[in-house]
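The values are calculated or read from the model by the stated rules, or taken from the named source; none is laboratory data. Since we're looking at a predicted model, the values are computed, not measured. Quick reminder, even Gly has a Cβ in these numbers, built from the backbone with ideal geometry, and neighbours come from all protein chains shown. Keep in mind that these areas ignore ligands, DNA and RNA; they rest on the heavy atoms of the full protein, side chains included. Shrake-Rupley method; radii C 1.70, N 1.55, O 1.52, S 1.80 Å.
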Amino acid sequence: MRITFLATSSLDYPSPRGRWLPLAQELVAQGHQARLALLHHTYDRLPTSRRRQECCGVQIEYVAQMHVYGPVGRRRYFGPAQLLQVSLRAAVELARAALRLGGDAIHVCKPQPINGLAGLLAARALGCRLYVDCDDYEAGANRFGAAWQQRLVRFWEDHLPRQAAGITINTRFLQRRCEALGVPATRLTYVPNGIAKARLAPVDSRLVAGLRAGLGLGDAPVAAYVGTLSQTTHNVGLLLQAFALAAERLPAARLLLVGDGEDRAALRQRASRLGLGERAVFVGPVPPAAVPAYLALAACSVDPVADDAVA
């Protein structure tokens, strides 16, 4: 079977790297053909040689600019007119890529306007089945510049799953949400996010010791957060408040924050107002391959979320 994935972000973003590429790789390992058509956060600066590549048998192709410009933490948002132009161009290029790659199925990675429109057009032109992957509640999780943008995203999240031959979801919440939209349970497949087993190997203790020394951690007990520094998706502010309470009873403790996001500067200021000082260590973004070493520094890892639909 030949499957084409259509994604609206690059492999530098969490979902393509942590969910859709591994799914495509597993399909290849099972004897299928899997292709991944994506948008890039700085497409105009992406060398032609990197626009097409292969990873573990998966053909990867970047075709146009994302709806935002720049990597996580340094993103620039387009104005309404430019956003519309960029989005339409991206939808057209994703559809053209799907038609060129062909296949027996098109899997839309998130039911969003850009890849949703591209998937619908390509599936009808090819006469193949359309599938959708729901791994987030984007209408609640994204940061929108205008109310109409949020309404548009909500429309696609509500209506595209009903058009699909099948839907993959990574949480029971999204399963219940799709069922509430009228999607039959027989068309829903629960596919939770997985773990890359190769990355679970023990980390060289010398590397961990060097990191600990370089970060000035000494013998301090460490709690680590690895993720996006964005208040819309992860409640890092809540984590800072909780750690401030813990630090009152364990002054030597350190909180390691690994990652980047649009709220990084604001969160540093919040840590300062809470009096955390050097006890909150903002590492910034690190390569994915380095993450296990940073986790190895910690006695525990944490992922702060609020009790809402986004979480």
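Structural remarks
- Of all the listed residues (ARG176, ARG162), the sole one being over 21 Å from the mean Cα position of the chain (by Cα), more than 23 Å from PRO22 (Cβ to Cβ), without any contact (Cβ under 8 Å) to a residue 12 or more places away in the chain and open to solvent by 30 Å² or more (accessible area, probe 1.4 Å) is ARG176.
- Tally of residues being closer than 13 Å to TYR62 by Cα and either out of contact with any strand residue (DSSP E or B) (no Cβ under 8 Å at 6 or more places or on another chain) or surrounded by fewer than 16 Cβ atoms within 10 Å (Cβ to Cβ) (or both) across region 93-104: 1
- Checking each residue in region 124-139 for being surrounded by fewer than 24 Cβ atoms within 10 Å (Cβ to Cβ) and either without any contact (Cβ under 8 Å) to a residue 24 or more places away in the chain or more than 14 Å from the chain's Cα centre (by Cα) (or both) picks out ARG124, ALA125, LEU126, GLY127, CYS128, ARG129, LEU130, TYR131, ALA139.
- Condition broken by ALA24, with the remaining ones in (1) among the small types (Gly, Ala, Ser); (2) part of a helix (DSSP H, G or I); (3) under 22 Å from ALA118 (Cβ atoms); (4) open to solvent by 10 Å² or more (accessible area, probe 1.4 Å) satisfied: (4)
- Verdict on ARG76 being open to solvent by 20 Å² or more (accessible area, probe 1.4 Å), under 20 Å from the mean Cα position of the chain (by Cα) and free of Cβ contacts under 8 Å to residues at least 40 places away in the same chain: yes
- Test for ALA289: is it under 28 Å from ASP204 (Cα atoms) and either in a strand (DSSP E or B) or modelled with pLDDT under 95 (or both): yes
- Residue that is farthest from ARG100 (Cα to Cα) [pool: residues in region 31-72 that are open to solvent by less than 70 Å² (accessible area, probe 1.4 Å) and out of contact with any strand residue (DSSP E or B) (no Cβ under 8 Å at 6 or more places or on another chain)]: VAL72
- From the list LEU88, LEU11, LEU6, the one residue that fits, being closer than 25 Å to ALA141 by Cα and buried (at least 22 other Cβ atoms within 10 Å of the Cβ), is LEU6.
- Entirely in region 114-189, the helices (runs of 4 or more DSSP H) that have 2 or more residues that are over 25 Å from TYR77 (Cβ atoms): 147-163, 172-180
- Candidates ALA252, ALA306, ALA311, ALA298, filtered to the one that is small (Gly, Ala, Ser), surrounded by fewer than 18 Cβ atoms within 10 Å (Cβ to Cβ), in a loop (DSSP other than H, G, I, E, B) and more than 23 Å from the chain's Cα centre (by Cα): ALA252
- Hits in region 1-21 - residues which are assigned to a loop (DSSP other than H, G, I, E, B) and within 15 Å of the chain's Cα centre (by Cα): ALA7, THR8, SER9, SER10, LEU11, ASP12, TYR13
- Pair list, Cβ < 7 Å and 6+ apart or interchain, from region 140-152 residues that are surrounded by fewer than 16 Cβ atoms within 10 Å (Cβ to Cβ) and among the small types (Gly, Ala, Ser) to residues that are at pLDDT 80 or above and assigned to a helix (DSSP H, G or I): ALA146/PRO80
- Lone unmet requirement of (1) surrounded by 15 or more Cβ atoms within 10 Å (Cβ to Cβ); (2) in contact with a helix residue (DSSP H, G or I) (Cβ under 7 Å, 6 or more places away or on another chain); (3) in a loop (DSSP other than H, G, I, E, B); (4) touching a residue at least 40 places away in the same chain (Cβ under 8 Å) for ASN193: (1)
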